[in-house]
Structures are given as structure tokens and as C-alpha cells.
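Reading through the C-alpha cells given below for one structure.
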Amino acid sequence: MALREILVWPDPRLKQKAKVVGNVDAAVRRLCDDMAESMYEANGVGLAAPQVGVHQNVIVMDVQQRTDKEGTRHKGEGLFWLIDPVLKFAESEFTYTEGCLSIPDEYEDVTRFGHIVCEFTGRDGKRRELEAENTLLSVCVQHEMDHLQGKLFVDHLSALKRELIKRRMKKLKAQREAERKGEATAL
Ligand code: NI
């Protein structure tokens, strides 16, 4: 397994639509595993392939992560992948405060469908269905499916809010770039 760099918005690669995977071969399984490792490393609950610059319909998710009384973070219990997901049913509304690994430290309320049924292919290549209603899972599935369409949660906000966040992200990217260059000079 290998860590993959998570792109920070604004980046044209995050606006690009992902393509259908179809057959789950060894390369797709490797991508699945790399994405899981990258998601856990970044302390996220979901990650879509375009966020690591790969334009394929692959999502990794684990919304069951929890920290116990001893402070140990439990990861992996709710780990699964959605390849070529399709919404089969969607109704009602649910509002949740969302964040995104590609938009660090920004959280805003987004209203999406409340009750969904999603059909997808698992890492094992089998087609299956999941149903979720008004939970982090129902939110996360729709948030990650948006990424496959080149859409981010900021696209659900007002233009003003989006521009303010974009400005902060550009500043963050400039800071990170300066740090990277500084480190290179120090070597
Ligand atoms: Ni996201």
C-alpha cells in the first residue's frame, strides 16, 4: 500500500468527471487499498478517487470510526468501497455540517437527500445495494458521489461563501508551497 497525495481545492483535477470502472482488477484493488490508507492517514471518513487525481468511479468510506475511553482510534471496522455507484432511490431532505479532505478545516451546512438507496460494486467485484436515512452514511455517500461528478460541497453554498473559502484555500496552498520550498532549501 502507498499513501497518495490528496488534492486541495481549487484544483482543475477536482472538477473533472470520473469514468466507469467496470471490471475490478488488481490495479483497481490497489487503488482501493491506497485510498483507504490515505483516508485514515488524513483522519477522514470518506475519499473519492478524483481527490487523489485518479478519474475513476471509486470511493472509500468508513463512517464507523470512533475513539474509545482510552483514547484509541478504532479504524477499519466500517471500511468499504463503492465502485461505479448509482443512486436508485432518493427522497426527503437532511441537513448536515460537512467538511472535506480537499477543503481542510472548513465546515458548512449542506442539505441533501435524507433517504437513499445506492447500488455499487464492492472491492470483491460483486454488485450490491445499501440503504441509509438521515445519517452520516447517507450524507457521505452523496458527498463522495458528488466528487465523481467534479462537484464539491462548496458548490452547494452561496457564491459569496464559496469565494471566501476559496481565498482561504489559496492562501493555505501558498503557505504549504512555501514550506515545501523551505524544506528543500534546508536539505
Ligand atoms: Ni470531500
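The values are calculated or read from the model by the stated rules, or taken from the named source; none is laboratory data. Fair warning: this is a prediction, and the values are worked out from it, not measured in the lab. Heads up, the Cβs are rebuilt from the backbone with ideal geometry, glycines too, and the neighbour counts pull from every protein chain shown. Remember, those area values only see protein heavy atoms, side chains included, never the ligands or the DNA or RNA. Shrake-Rupley method; radii C 1.70, N 1.55, O 1.52, S 1.80 Å.
Quick notes
- For segment 43-59, a residue qualifies if it is more than 11 Å from the ligand (Cβ to nearest atom) and open to solvent by less than 40 Å² (accessible area, probe 1.4 Å), and the qualifying residues are A49, V52, G53, V54, H55, N57, V58.
- The residues of segment 27-42 that are within 16 Å of the ligand (Cβ to nearest atom) and in a helix (DSSP H, G or I), listed by number, are M35, A36, S38, M39, Y40, E41.
- Pairs, first closer than 17 Å to L101 by Cα in segment 151-162, second part of a helix (DSSP H, G or I) and more than 12 Å from the ligand (Cβ to nearest atom), C-beta under 7 Å, six or more apart: V154/R162; V154/I165
- Top-ranked residue in segment 84-110 [being more than 16 Å from the ligand (Cβ to nearest atom) and touching a Ser or Thr at 6+ places or on another chain (Cβ under 8 Å); ranked as least open to solvent (accessible area, probe 1.4 Å)]: D84
- Test result for F89, touching a Gly at 6+ places or on another chain (Cβ under 8 Å), at pLDDT 95 or above and of a type in the set (F, W, Y): no
- A residue that is touching a helix residue (DSSP H, G or I) at 6+ places or on another chain (Cβ under 7 Å) and more than 16 Å from the ligand (Cβ to nearest atom) cannot be found anywhere in segment 150-170.
- Segment 1-21, residues that are out of contact with any Leu (no Cβ under 7 Å at 6 or more places or on another chain), open to solvent by 40 Å² or more (accessible area, probe 1.4 Å) and farther than 18 Å from V60 by Cα: P12, K15, Q16
- Residues in segment 77-93 that are farther than 16 Å from Q142 by Cβ and without any contact (Cβ under 8 Å) to a residue 24 or more places away in the chain: E77, G78.
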